[in-house]
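Okay, structure first, notes after.
All of the numbers you see were taken from the coordinates with simple rules; none came from a lab. What you see is a predicted model; the values in this text were computed from it and never measured. Here the Cβ positions follow ideal geometry from the backbone for every residue, glycine too, while neighbour counts run over all protein chains shown.
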Amino acid sequence: MANIEQKVENLLKPKIEEIGYKLYDVEYVKEGKNYFLRIYIDNEKGIDLNDCEKVNDAIMEPLDKADYIKEQYFLEVSSPGVERTLKKDEHLEKNIGKEIYIKLFQKDNDGKKEYKGTLKKYTETEIIIETKEKTKKETSKKNKKETNKNNNPKEQESNITEITLERKNIAQIKTVYNWD
């Protein structure tokens, strides 16, 4: 399916750029008994339903003529969303210094499968993030009793840690939107 995605991307990228949008990503997936070709578009102003319709109309004919997909499929055109998947280096580049979420294929040596932190840099083989982990300050038993008796929250301090993750172990990277 990756081969189909690449062919579709090569076919559609110039056509989508010609009408003023950027091709963000292409997905071709089977869900249940149905196949879906998902085209994610973007531009500086954001994407609305009219933009999706305009791109859909522009790409239907070239897709039909190219005939890359033999199965019957549903075509979906949308924005990549607020919390977007970061697959390509250009996606990572635009998000350096921003908060991201990383899910691994399996737990790492620290027993963690998920990370959230600030994207510091990336290479062909690694992603480097900075995390702030809150840890409880160690207190004596006497101080603990006083803290609990006065109903004061326990003091916390943040440890900033730089974590390097191998890209081959990463299942998914997404941006994180702060909903506050």
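Against the test of being in contact with a Gly (Cβ under 9 Å, 6 or more places away or on another chain), surrounded by 13 or more Cβ atoms within 10 Å (Cβ to Cβ) and part of a strand (DSSP E or B), the options Tyr28, Tyr35, Tyr40 yield a single qualifying residue, Tyr40.
Condition check for Tyr115 on (1) surrounded by 16 or more Cβ atoms within 10 Å (Cβ to Cβ); (2) of a type outside the set (A, V, I, L, M); (3) over 30 Å from Thr131 (Cβ atoms); (4) in contact with a Leu (Cβ under 8 Å, 6 or more places away or on another chain): one failure, at (3). Scanning region 36-94 for residues that are β-branched (Val, Ile, Thr) and over 26 Å from Tyr122 (Cα atoms) yields Ile47, Val55, Ile59, Ile69, Val77. Suppose we keep only residues that are more than 14 Å from Tyr177 (Cα to Cα) and more than 12 Å from the chain's Cα centre (by Cα) within region 95-104. Which one would you say is surrounded by the fewest Cβ atoms within 10 Å (Cβ to Cβ)? So the residue we want is Ile96. Residue count for region 70-94 under the criterion of being more than 26 Å from the chain's Cα centre (by Cα) and surrounded by 12 or more Cβ atoms within 10 Å (Cβ to Cβ): the result is 0.
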